Amino acid sequence: MIDFLIGLTAILGTCITYVFSLYVHKRWNVTITAPVIISTVLIICVLLIFQIPYETYMLGGQWIDHLLGPAVVALAYPLYMQRHTLRELLIPLLVGTSLGAVVGISSGVLMAKWAGFEESIIYALTPKSVTTPVAMAVTENLGGIIPLAAVFVMFAGIGGVLIHNLVFRLFRLDHYLGRGVGMGSASHAIGTATLMEDSQLAGSVSTVAMVISAVVVSVIAPALIFLLL
């Protein structure tokens, strides 16, 4: 009964925090006020201030975590709406996303190797740019630290949300195809959801790129790790 009440409190607290974050984002619509960033920071602060163990929070948080799969599947709706356009872009999508997957893995692995990280940490860093379930499966297969893989995935997603507008302006990425492939390849579902707010077409491209990237990373990660380490 106590676990149930703790879990319910965690769920309600998370939902209230996210609703508040949405309000803040609508009031001050800038990158740093993205709901996923504000709500994440607020929840971490509450856990630290009140010294609540992560395991206690996850009594309720795990049920929200289970909704990640259906949330990703829900992205299929705009994908269906843009299916004719996406069919014409299949080859550029495949090539661009595959190159993005290679660059994403190689850059992370080489930088971590240069910094002197242990191999178990490098393995966890390898699939940082794909969605959490896939990243955890790839990390387990490589022999990395699975919980750490989830942390790196979150950093990649939030990082994409924070700097994507700057990157788009810096490299003059005005076309929906470039923006969609970039966000889907680098920042998975978090980046895709953010991009969907600006353009449904770019968000649909990002959805396809996210799926292709997950498949490509799953296949090439072991081979790249073997070549780079």
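The values are calculated or read from the model by the stated rules, or taken from the named source; none is laboratory data. For clarity, every value in this text was computed on a predicted model and none was experimentally measured. Glycine also receives a Cβ, built like all others from the backbone with ideal geometry; neighbour counts cover every protein chain displayed.
Return the pair list, or none, for Cβ contacts closer than 7 Å from residues in region 64-79 that are within 16 Å of THR132 (Cα to Cα) to residues that are among the hydroxyl-bearing types (Ser, Thr, Tyr) and surrounded by 15 or more Cβ atoms within 10 Å (Cβ to Cβ), at least 6 apart or on different chains.
ILE64/THR14; LEU68/THR132; VAL72/THR131; LEU75/THR192; LEU75/THR207
If you check THR139, THR85, which single one turns out to be among the polar types (S, T, N, Q), within 22 Å of THR207 (Cβ to Cβ) and part of a helix (DSSP H, G or I)?
THR85
Consider VAL215 carefully, then state whether it is without any contact (Cβ under 8 Å) to a residue 40 or more places away in the chain, of a type outside the set (Phe, Trp, Tyr), part of a helix (DSSP H, G or I) and not assigned by TED's automatic domain parsing to the domain that holds ILE32.
When the stated conditions are applied, VAL215 passes them.
Can you find even one residue in region 84-101 that is outside the structural domain of LEU162 (by TED's automatic domain parsing), within 19 Å of the chain's Cα centre (by Cα), within 17 Å of ALA189 (Cβ to Cβ) and among the β-branched types (Val, Ile, Thr)?
No, there is no match, as no residue in region 84-101 is outside the structural domain of LEU162 (by TED's automatic domain parsing), within 19 Å of the chain's Cα centre (by Cα), within 17 Å of ALA189 (Cβ to Cβ) and among the β-branched types (Val, Ile, Thr).
Among (1) surrounded by fewer than 23 Cβ atoms within 10 Å (Cβ to Cβ); (2) on the phi > 0 side of the Ramachandran plot; (3) not acidic (Asp, Glu), which single condition is LEU227 missing?
Among (1) surrounded by fewer than 23 Cβ atoms within 10 Å (Cβ to Cβ); (2) on the phi > 0 side of the Ramachandran plot; (3) not acidic (Asp, Glu), the lone unmet condition for LEU227 is (2).
Mind checking which residues of region 213-224 are buried (at least 23 other Cβ atoms within 10 Å of the Cβ) and either closer than 21 Å to ARG83 by Cβ or at pLDDT below 90 (or both)?
Result: SER213, ALA214.
Any residue in region 159-179 that is in contact (Cβ under 8 Å) with a residue 40 or more places away in the chain and assigned by TED's automatic domain parsing to the domain that holds GLY191 sitting within a Cβ distance under 7 Å of a residue that is surrounded by 11 or more Cβ atoms within 10 Å (Cβ to Cβ) and polar (S, T, N, Q)? List the pairs, counting only those 6 or more apart or interchain.
Hits for this filter: VAL161/THR31; VAL161/SER187; VAL161/THR194; LEU162/THR31; ASN165/THR31.
Which of the residues spanning region 1-60 are surrounded by 10 or more Cβ atoms within 10 Å (Cβ to Cβ) and in a loop (DSSP other than H, G, I, E, B)?
ASN29, ALA34, ILE52
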